[in-house]
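These notes are about the structure you will find just below.
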Amino acid sequence: MNGFLPHIKGRIETGAEVSKIYANQHIVALADGRQYRYERMISTLVLPELIRLMGDEVPPEVRKAAKGLRHVSVRCVNLGIGRDNLTDKHWIYYAGKTVFHRIFVQGNASPFCSPPGSCGLTCEISYSPDKPLPVDGQALIDRCIKECIESGIISAEDEIITANQIDIPYAYVIYDQSRKENVETIRKWLLLHGITLAGRYSEWEYYNSDHAFIAGKAAVEKVRGSAYRHSVS
């Protein structure tokens, strides 16, 4: 992403937590006390979280639509294995016999992902209120190691150099019968307050990286077009 920095005009600030959005006043409040007033905003925040940050200013029908958006979470168990050339694959899918549904072989994605002579694996475990994690903490790591051995991607003799977990609360959006209507209800209300949605979790779409780039470009063009129409009207 750093390759885009020289082409961006204006100030870039990261690591700032948004604590509140006052939609009626067009104000964004940060956790450190700073506030910013906006004319138009492009949001990539997770859609239900964006609505939550607006509190009581959100009408009941919009809050209901946000609560109706469903998703699947993913827990990533990362394993550093003291051996390379585990497989020539990048992604390996497992059909229900393991706690993880997919393994991403970090060491094959780029030589910079793992030190020489080792390989990083990410075991991806999907979960939801309907399908909670069977175990957690160290027990989940131990189970992934055990099932990696049983599935043959590593051996019992391989050294586990490091292991940790990363949680992705919003990983996959669910396309149920209410998704389209709920998103449209939220989108229309946000546009009235100068907020345009962009990206996978904000538009509640199953976007890959290339789609996400296009969505960002489309959002900017939409905002620019809106500003032009207002200036000439």
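The table for this structure:
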| quantity | calculated |
| --- | --- |
| Answer from Tyr175, Tyr207 - the residue that is open to solvent by 50 Å² or more (accessible area, probe 1.4 Å) and in a loop (DSSP other than H, G, I, E, B) | Tyr175 |
| Residue match in segment 128-148 (condition: surrounded by 13 or more Cβ atoms within 10 Å (Cβ to Cβ) and assigned to a strand (DSSP E or B)) | yes |
| Qualifying residue in segment 199-213 (condition: modelled with pLDDT of 95 or more, of a type outside the set (Gly, Ala, Ser) and at positive phi) | yes |
| Residues located in segment 150-172, provided they are assigned to a helix (DSSP H, G or I) and open to solvent by less than 60 Å² (accessible area, probe 1.4 Å) | Ser151 |
| Residues of segment 178-204 that turn out to be open to solvent by less than 70 Å² (accessible area, probe 1.4 Å), closer than 21 Å to Val223 by Cα and of a type outside the set (S, T, N, Q), as a count | 15 |
| Test set (1) in a strand (DSSP E or B); (2) more than 25 Å from Glu61 (Cβ to Cβ) - Glu221 fails condition number | (1) |
| Subset tally (residues that are in contact with a Phe, Trp or Tyr (Cβ under 7 Å, 6 or more places away or on another chain) and among the hydroxyl-bearing types (Ser, Thr, Tyr)) for segment 173-205 | 1 |
| Any hit, segment 81-95, residues being touching a Leu at 6+ places or on another chain (Cβ under 8 Å), part of a loop (DSSP other than H, G, I, E, B), surrounded by fewer than 18 Cβ atoms within 10 Å (Cβ to Cβ) and not polar (S, T, N, Q) | no |
| Boolean, Leu47 is at pLDDT 95 or above, under 30 Å from Glu159 (Cβ atoms) and surrounded by 10 or more Cβ atoms within 10 Å (Cβ to Cβ) | no |
| Residue check for Lys64: more than 24 Å from the chain's Cα centre (by Cα) and more than 30 Å from Asp136 (Cβ to Cβ) | no |
| Output for segment 25-44, where each listed residue is open to solvent by less than 20 Å² (accessible area, probe 1.4 Å) and either within 29 Å of Thr98 (Cα to Cα) or in contact (Cβ under 8 Å) with a residue 40 or more places away in the chain (or both) | Ser43 |
| Options Ile8, Ile12; residue that is under 22 Å from the mean Cα position of the chain (by Cα), over 30 Å from Val72 (Cα atoms), open to solvent by less than 100 Å² (accessible area, probe 1.4 Å) and of a type outside the set (D, E, K, R) | Ile12 |
| Hey, Arg70 surrounded by 16 or more Cβ atoms within 10 Å (Cβ to Cβ) and of a type in the set (D, E, K, R) or not | yes |
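The values are calculated or read from the model by the stated rules, or taken from the named source; none is laboratory data. This structure is a prediction, so every number in the text was calculated from the model and none was measured. Because the Cβ atoms are built from the backbone with ideal geometry, glycine has one as well, and the counts that use them run over all protein chains shown. Ligands, DNA and RNA are stripped out before the accessible areas are found, and what is left, the full protein with its side chains, is counted by its heavy atoms. Shrake-Rupley method; radii C 1.70, N 1.55, O 1.52, S 1.80 Å.
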